[in-house]
Amino acid sequence: MSREIVLFIAASLDGFIAKEDDDLQWLEDTEGEGDAGYQDMYQTIDTVIMGKKTYDYIAKHMVPFPYPDKKCYVFSTTEKGSNEYVDFVNEDVVEFTKKLKAQEGSKIWMVGGGCLLDSFLKENLIDEYIITVTPHILGSGIPLFKEKKPQIDLKLVDIKRFGQFAQLYYKVNQG
């Protein structure tokens, strides 16, 4: 059985995950409720994967490192090796991920960002989409979904409200 990859991410109502300068202040200023389901999702995973820009943002803005108890991979074309928290991956994103999915373990959280998500969508590597919509229309920024993706049919599993956030939970429709 293949491990599942979950996308747990927040986006503005018009579909942006960050402003063009990677600013997330609009997200942090939103009135939420609790942790918007974060801990529930976090307990289902044992592996975290992300792109280098996302890792750099997390390393700069989230001290201490937020995922010390999970295996963490960062896809990078510049960084090599590992540090106390992450292993940098210089391999093909799709091939590495397919090998990772075939290993024993729990779910894998695809944290972001936009370029890595784009690669995952083109290959339909995501099994669950948990998208938290914020009450913002940013007008521009880094899009959640870039253009020219294959059609992926989803099944709505749940909808939850966390203060001003609306969370949509979908699974890929297997047929």
Residue identified as polar (S, T, N, Q) and within 17 Å of the chain's Cα centre (by Cα) among 106, 82, 140
106
Looking at the range 119-140 only, could you name the residues that are open to solvent by less than 20 Å² (accessible area, probe 1.4 Å) and either among the small types (Gly, Ala, Ser) or closer than 25 Å to residue 95 by Cβ (or both)?
120, 121, 125, 126, 128, 129
Would you check which residues across the range 78-99 are surrounded by fewer than 19 Cβ atoms within 10 Å (Cβ to Cβ), among the hydrophobic types (A, V, I, L, M, F, W, C) and either modelled with pLDDT under 95 or not in a strand (DSSP E or B) (or both) and list them?
94, 96
With the first residue restricted to the range 151-175 and required to be on the phi > 0 side of the Ramachandran plot, and the second required to be assigned to a loop (DSSP other than H, G, I, E, B) and not hydrophobic (A, V, I, L, M, F, W, C), Cβ contacts under 6 Å at 6 or more apart or on different chains are 163/31; 163/32; 163/33
Residue 73 versus (1) open to solvent by 30 Å² or more (accessible area, probe 1.4 Å); (2) assigned to a strand (DSSP E or B); (3) more than 22 Å from residue 121 (Cβ to Cβ): which is the lone unmet condition?
(3)
For the range 18-27, state whether one or more residues are open to solvent by less than 60 Å² (accessible area, probe 1.4 Å), touching a strand residue (DSSP E or B) at 6+ places or on another chain (Cβ under 6 Å), within 30 Å of residue 102 (Cα to Cα) and of a type outside the set (Val, Ile, Thr).
no
Any residue at all in the range 147-165 that is under 24 Å from residue 57 (Cα atoms) and surrounded by fewer than 19 Cβ atoms within 10 Å (Cβ to Cβ)?
no
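This table checks each residue for (1) modelled with pLDDT of 95 or more; (2) in a loop (DSSP other than H, G, I, E, B); (3) hydroxyl-bearing (Ser, Thr, Tyr).
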site: 1; (1), (2), (3): no, yes, no
site: 17; (1), (2), (3): no, no, no
site: 21; (1), (2), (3): no, yes, no
site: 27; (1), (2), (3): no, no, no
site: 35; (1), (2), (3): no, yes, no
site: 54; (1), (2), (3): no, no, yes
site: 57; (1), (2), (3): no, no, yes
site: 64; (1), (2), (3): no, yes, no
site: 67; (1), (2), (3): yes, yes, yes
Can you tell me how many residues within the range 38-70 are under 13 Å from the mean Cα position of the chain (by Cα), open to solvent by less than 40 Å² (accessible area, probe 1.4 Å) and over 18 Å from residue 4 (Cα atoms)?
4
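The values are calculated or read from the model by the stated rules, or taken from the named source; none is laboratory data. Small disclaimer: the values here were computed from a predicted structure and weren't measured. Using ideal geometry, Cβ is built from the backbone for each residue, glycine included, and neighbour counts are taken over all protein chains shown. Surface accessibility is based on the protein's heavy atoms, side chains included, excluding ligands, DNA and RNA. Shrake-Rupley method; radii C 1.70, N 1.55, O 1.52, S 1.80 Å.
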